[in-house]
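*Asks:* I am attaching a structure below and will ask some questions about it afterwards.
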Amino acid sequence: MELALLLGFPVLGAALLGLTGAHRRAPEINAALSLATFLASCALTVQVIRHGNLLLGDEQFFIDPFNVFLVALTAFVGLTTALFSRPYMRVELEHGRLTPGRLRLYHSMYQLFMFTMLLALTTNNMGLMWVAMEGATLSTVLLVTLYRTPESLEAGWKYFILCGVGIAQALFGTILLYVAAEKALGAQGVTALLWTHLDAVKTQLEPTVLALAFVFLLIGYGTKVGLVPLHSWLPDAHAEGPTPISAVLSGLLLNVALYAVVRSKVLVEGSLHSRLPSVLLMGFGLVSVVLASLLLWRQRDIKRLFAYSSIEHMGIATFAFGMGGPIANFAALLHMTVHSLTKSSIFFTAGHASQKAGTQVMEHIRGLITLSPTVGWGLMLGSLAILGVPPFGVFTSEFLILTTAMREQPWATPILLAALAVAFAGIFSKVQPMVFGETNGRRLPHAPALLPVFAHLAIVLMLGLYIPPYLAHWYRAAAHLIGGG
Amino acid sequence: MTHLPLGQQLLDTCAALLLLLSFAMLSQRRVVTLVNLYAVQGAVLAAATLLLAWRTGEEHLYVSAALTLVLKVAFLPWLLHRLIRRLGVYWDTEPLLKVSGTMLVGLVIVVFAFSLAQPITRLASTDTRSAIGIAVSVVLLAFLMMITRRKAMSQVVGFLSMENGVFFGAMSASYGMPMVVELGVALDVLVAVLVLGVFFFQIRERFDSLDLHHLETLKERD
């Protein structure tokens, strides 16, 4: 029931917002539907906490602590982004960057995007997960090109082709998984792609084929996670699309793609008895962290800067999942949560800042603290949080990852530390003048509504100081499920 | 010498035809012909699916053959032809690599694909497993085509041909995927082409051309 509501609201929303046209109240409807979806996700979470894992809809859906926490996170950020986009997109409309028709497309696709992500998270069928991941790309391609500028078209094309090719590799990997599963499960065509069934027989799956399948799945879904060297669509799509879309791409889509990678890893590791999946994840993760932190320095566009920072943080989480074991998995899950909350709040403030300045070029954004203290402090606190300054939650997760690395993979620790330091200097040196620099602009008459930003940052702060016991229990259960190490 | 049953021989012929068509696409610069070749590839794929359905008696393969016929032989080529006419893109520019060079790279790719497919071939229990190597070749050749072409339309045909290869791989390795997945994939392909149609008009509206040269400014700014 909760699941039907969870998936039903976004579909209903997409149809409703697509059909009613450029309704004056469309942004409010969008927010209301996102709220409904969020409430449904809360109900589902309560269900899982009370009754444990759920298998629903003819075993096609499977909810365990690992995905239910991502479902709740996705629905929550979906809600706050809808709240943020309400005034933001209205201003874009007034500035003439959008037409009412495009705004209608935006709202409808926003809901569809939420649906595909929730479907990818909740489905038990590896094939359906693929379909949903591809759907997530398709629903956002036209949103990246929403402004129809030459740059946004280029970004959209790159996004479409790179993720399309990537996802085709993932389909091939899924097929290989299916071949191996049919062999192990006998002739059970329909159930052979169900994750729970695969998980039950994972020790009997043919290792060579599974290793090959994992490589294809990692390349496919890894393209969406933005792992270097498959990342080149990511900064473009983040920078050229409207800000709410940057926030959900960075905060949610990357998480869901990483979720797909981790689900595959659990299966492959069970069959393989070798370190191959771990080594691949650690390798890709480390390369992403290092390269992204270096590339940060060359950015001039504020949204591109934080897009590279997303690559860096996804790299950290991927590395941690690669190390495996209860603590690293726990830290990686926490890192996914705090990164998603912090990064979307940064995009909210960056969006406001560039909307006020009329440009995304950082050299022209100056003195936010005088123009609007809320935006200035929001950006400063968000940047400090994402850079891992205590007491924010990112510090906790990075600290856990680094200490585990020191014990498990000592060689990687100096590389990680150096990359984090480089990223710190890179981002801080660019954010500081934007917030405190000289400006001759006048203070804005109204403070922008940045409730979502401070709500996100408050949660991140709380997670840094105190993780409520039920939440910790939940993370631990999920970390245990992922295993490895 | 062992004699293979007729159905098996026909299936192998289909597989060989698919590979041949992939090479033909790789060398073709006329966009209209490219789309026609894609339609023929779809038709061969549908024929192979039908043959397989008849030989194995798997009912869902009939549905999947019908789906292929409707979507990949009729609808998508029709849509692409319409797009070509409305946008007036008939020729691709000289590819980044000369045709002869591309063909040589293609040959190497086929050898590589067969060696890659070996562990899968050993595992699969279907009697079409010898075709898995061909499926992997089709995927990789389509990939090569996407890399070497400049025009958006040729890249899209490459993308669709890649999907054909993956589909053929699923068929020869395990007699297709579960129905719900196959339907989902077909839906995604359909939506992808529709989105692309919209997208092409946006690109043309901006640049008056579908040459991807225009789409390289972000790289330089990086």
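The values are calculated or read from the model by the stated rules, or taken from the named source; none is laboratory data. Small disclaimer: the values here were computed from a predicted structure and weren't measured. Note: ideal-geometry Cβ built from the backbone for every residue, glycine included; neighbour counts use all protein chains shown.
*Asks:* Give me a count of the residues in region B:6-64 that are out of contact with any Leu (no Cβ under 9 Å at 6 or more places or on another chain), aliphatic (A, V, I, L, M) and within 12 Å of B:Met171 (Cβ to Cβ).
*Replies:* 1
*Asks:* Can you find a residue that is within 20 Å of the chain's Cα centre (by Cα) and farther than 20 Å from A:Leu252 by Cα anywhere in region A:437-455?
*Replies:* Within region A:437-455, not a single residue is within 20 Å of the chain's Cα centre (by Cα) and farther than 20 Å from A:Leu252 by Cα.
*Asks:* Any residue that is in contact with an Asp or Glu (Cβ under 7 Å, 6 or more places away or on another chain), part of a helix (DSSP H, G or I), at pLDDT 90 or above and more than 30 Å from A:Ala82 (Cβ to Cβ) - is there at least one of those in region A:281-288?
*Replies:* no
*Asks:* Of A:Arg86, A:Arg50, which residue is of a type in the set (D, E, K, R) and either outside any helix (DSSP H, G or I) or within 22 Å of the chain's Cα centre (by Cα) (or both)? Break it down into steps so the answer makes sense when it comes.
*Replies:* Details: A:Arg50 fails: either outside any helix (DSSP H, G or I) or within 22 Å of the chain's Cα centre (by Cα) (or both).
Answer to the check: A:Arg86.
*Asks:* Scan region A:124-134 for residues that are at the interface with another protein chain (Cβ under 9 Å from one of its Cβ atoms), of a type outside the set (Val, Ile, Thr) and either touching a Lys or Arg at 6+ places or on another chain (Cβ under 6 Å) or over 16 Å from A:Gly156 (Cβ atoms) (or both) and jot them down.
*Replies:* A:Asn125, A:Met126, A:Gly127, A:Leu128, A:Trp130, A:Ala132
Residue by residue, here is whether (1) at pLDDT 90 or above; (2) surrounded by fewer than 16 Cβ atoms within 10 Å (Cβ to Cβ); (3) among the charged types (D, E, K, R) holds:
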residue: A:Gly21; (1), (2), (3): no, yes, no
residue: A:Arg25; (1), (2), (3): no, yes, yes
residue: A:Ala31; (1), (2), (3): yes, no, no
residue: A:Tyr106; (1), (2), (3): yes, no, no
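*Asks:* Can you pull out the residues in region A:46-67 that are out of contact with any Asp or Glu (no Cβ under 9 Å at 6 or more places or on another chain), buried (at least 16 other Cβ atoms within 10 Å of the Cβ) and either among the hydroxyl-bearing types (Ser, Thr, Tyr) or more than 24 Å from B:Val180 (Cβ to Cβ) (or both)?
*Replies:* Matches in region A:46-67: A:Pro65 only.
*Asks:* Among the candidates A:Val262, A:Val248, A:Val228, A:Val266, which residue alone is in a helix (DSSP H, G or I), in contact with a Ser or Thr (Cβ under 8 Å, 6 or more places away or on another chain), within 30 Å of A:Ala307 (Cα to Cα) and more than 12 Å from every other protein chain (Cβ to nearest Cβ)?
*Replies:* Answer to the selection: A:Val248.
*Asks:* Being in contact with a Ser or Thr (Cβ under 9 Å, 6 or more places away or on another chain), β-branched (Val, Ile, Thr) and within 11 Å of another protein chain (Cβ to nearest Cβ) is the filter here; which residues of region B:139-159 pass it?
*Replies:* B:Val139 - this is the single residue of region B:139-159 that is in contact with a Ser or Thr (Cβ under 9 Å, 6 or more places away or on another chain), β-branched (Val, Ile, Thr) and within 11 Å of another protein chain (Cβ to nearest Cβ).
*Asks:* Say we look at region A:140-159 and pick out the residues that are assigned to a helix (DSSP H, G or I) and more than 8 Å from chain B (Cβ to nearest Cβ); which of these is farthest from B:Met146 (Cα to Cα)?
*Replies:* Residue satisfying both the conditions and the ranking: A:Leu143.
*Asks:* Return the only residue of A:Leu162, A:Leu193 being facing another protein chain (nearest Cβ under 7 Å) and either of a type outside the set (A, V, I, L, M, F, W, C) or in contact with a Leu (Cβ under 9 Å, 6 or more places away or on another chain) (or both). Reasoning before the result, please.
*Replies:* Numbers: A:Leu162 fails: facing another protein chain (nearest Cβ under 7 Å).
None of the other options fit; the residue is A:Leu193.
*Asks:* Which pairs turn up if I take residues in region B:160-185 that are at the interface with another protein chain (Cβ under 7 Å from one of its Cβ atoms) and more than 24 Å from A:Ala136 (Cα to Cα) and look for partners that are polar (S, T, N, Q) and surrounded by fewer than 24 Cβ atoms within 10 Å (Cβ to Cβ) with beta carbon separation below 8 Å, at least 6 apart in sequence or on another chain?
*Replies:* B:Ala173/B:Thr126; B:Ser174/B:Thr126
*Asks:* Scan region A:128-144 and report the pairs whose first residue is touching a residue at least 24 places away in the same chain (Cβ under 8 Å) and closer than 30 Å to A:Glu92 by Cα and whose second residue is outside any helix (DSSP H, G or I) and of a type outside the set (Gly, Ala, Ser), with Cβ atoms within less than 9 Å and a gap of 6+ or a chain change.
*Replies:* Partner pairs satisfying both residue conditions: A:Leu143/A:Pro242; A:Val144/A:Pro242.
*Asks:* Hey, among the residues in region B:53-78 that are within 14 Å of chain A (Cβ to nearest Cβ), in a helix (DSSP H, G or I) and in contact (Cβ under 8 Å) with a residue 24 or more places away in the chain, which one's surrounded by the most Cβ atoms within 10 Å (Cβ to Cβ)?
*Replies:* B:Ser64
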